[in-house]
1. Checking D65 against (1) under 15 Å from E127 (Cβ atoms); (2) charged (D, E, K, R); (3) more than 28 Å from the chain's Cα centre (by Cα): exactly one of these is not met. Which one?
2. Which residue out of F58, F64, F91 is exposed (fewer than 13 other Cβ atoms within 10 Å of the Cβ) and among the aromatic types (F, W, Y)?
3. Residues in segment 133-156: is at least one assigned by TED's automatic domain parsing to the domain that holds L86, surrounded by fewer than 18 Cβ atoms within 10 Å (Cβ to Cβ) and touching a strand residue (DSSP E or B) at 6+ places or on another chain (Cβ under 6 Å)?
4. For segment 46-56: of the residues being without any contact (Cβ under 8 Å) to a residue 24 or more places away in the chain and outside any strand (DSSP E or B), which is nearest to Y103 (Cα to Cα)?
5. Quick one: I111 ticks every box in (1) of a type in the set (V, I, T); (2) part of a helix (DSSP H, G or I); (3) surrounded by 14 or more Cβ atoms within 10 Å (Cβ to Cβ) bar one, so which box is it?
6. Given (1) modelled with pLDDT of 75 or more; (2) more than 30 Å from L175 (Cα to Cα); (3) of a type in the set (D, E, K, R), identify the lone condition not met by E194.
7. Are any of the residues in segment 74-82 closer than 19 Å to A154 by Cα and surrounded by 14 or more Cβ atoms within 10 Å (Cβ to Cβ)?
8. Taking P43, is it at pLDDT 90 or above and outside any helix (DSSP H, G or I)?
Amino acid sequence: MNSLKGTTVFAAVAIVAAFILANTVLFKVDQRQQALLVRFGDPVRTVLTPGLHVKNPFETVLRFDKRNINLNANEEEVTAADQQRLVVDAFVRYRITDPRQFYRTLGQESIAKDRLESIVNAALREEVGRSSSGDVIAGKRAQVMAAIRARVAAQVAASDLGVQIIDVRIKRADLPLANEQAVFERMQTARKQEAAQLRAMGEQQRREIVATAYEEAEKIRGDADAQRAQMFAASFGRDPGFASFYRSMQAYEAALGKGDTTLVLSPDSAFFKYFEKGPAG
């Protein structure tokens, strides 16, 4: 009985010891991770393949993300080439390509965040300082971001941090709140001036069009009057009586057409001969 109990205790101790030993020498790497084995603070081996692996009991396993890592840089206020201050908000996407070097130079991702943020902010100040505020906000924003990305990538590569810069982008580039109203008022004034210029140009064009149309109308009217005069002259030459009658009708129209003219004439005046005798008068 005592022998059976002793065997059971031994088996239990052996299982516990085996479990402890397994946890000491075995470790698992997820497919999204890469591992670095560190022995007494010194990195000795990198494990990149996922699965179950064996290690020295005196080695510590450090796991790093194998995927792209996003880093949101702190909001920075920088001065553009036109001395306009801008609030710039950027983000970085990077990947740990050499866990051993990453551990030696940075140690952990929180330190990497501070180091990369410092590099990004320096590049922002340098490149934005070379560009106008309009280019940063809209005009040449893609070119400015490309220059910042190239500068950050070069600085990181020169520092040998064990990481690769995938992308650097400006999420937001705006004027500080204190300057927005002043800029808005300047833009409003500029738009009003432009509108006034357009109205003045439109009025000038209207005057030119009206003057040209009046000149053409007078020319057409003159040509018509000349043709009418020629027709009347030809008609008058053929019938002097009709010519006299027509001129009298024009005189009647000029003298009596408005209805407010008073004439004191003798009843047998030649002026009214056509009223008495008609066209034959």
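1. Failing condition for D65: (1).
2. Values: F64 fails: exposed (fewer than 13 other Cβ atoms within 10 Å of the Cβ); F91 fails: exposed (fewer than 13 other Cβ atoms within 10 Å of the Cβ).
After applying the criteria, what remains is F58.
3. No, there is no match, as no residue in segment 133-156 is assigned by TED's automatic domain parsing to the domain that holds L86, surrounded by fewer than 18 Cβ atoms within 10 Å (Cβ to Cβ) and touching a strand residue (DSSP E or B) at 6+ places or on another chain (Cβ under 6 Å).
4. Looking only at segment 46-56, we keep the residues that are without any contact (Cβ under 8 Å) to a residue 24 or more places away in the chain, and these are 47-51.
Still in the list and also outside any strand (DSSP E or B): 48-50.
On the way: L48: 15, T49: 19, P50: 20 Å.
Step by step, filter segment 46-56, then rank; the result is L48.
5. (3)
6. (2) is the only condition that E194 fails.
7. Just the residues of segment 74-82 that are closer than 19 Å to A154 by Cα, to begin with: none.
Looking through segment 74-82, none of the residues is closer than 19 Å to A154 by Cα and surrounded by 14 or more Cβ atoms within 10 Å (Cβ to Cβ).
8. Numbers: at pLDDT 90 or above: yes; outside any helix (DSSP H, G or I): yes.
Yes.
The values are calculated or read from the model by the stated rules, or taken from the named source; none is laboratory data. Given the structure is predicted, the values throughout are model-derived calculations rather than measurements. No Cβ is skipped: glycine too gets one built from the backbone with ideal geometry, and neighbour counts run over all protein chains shown.
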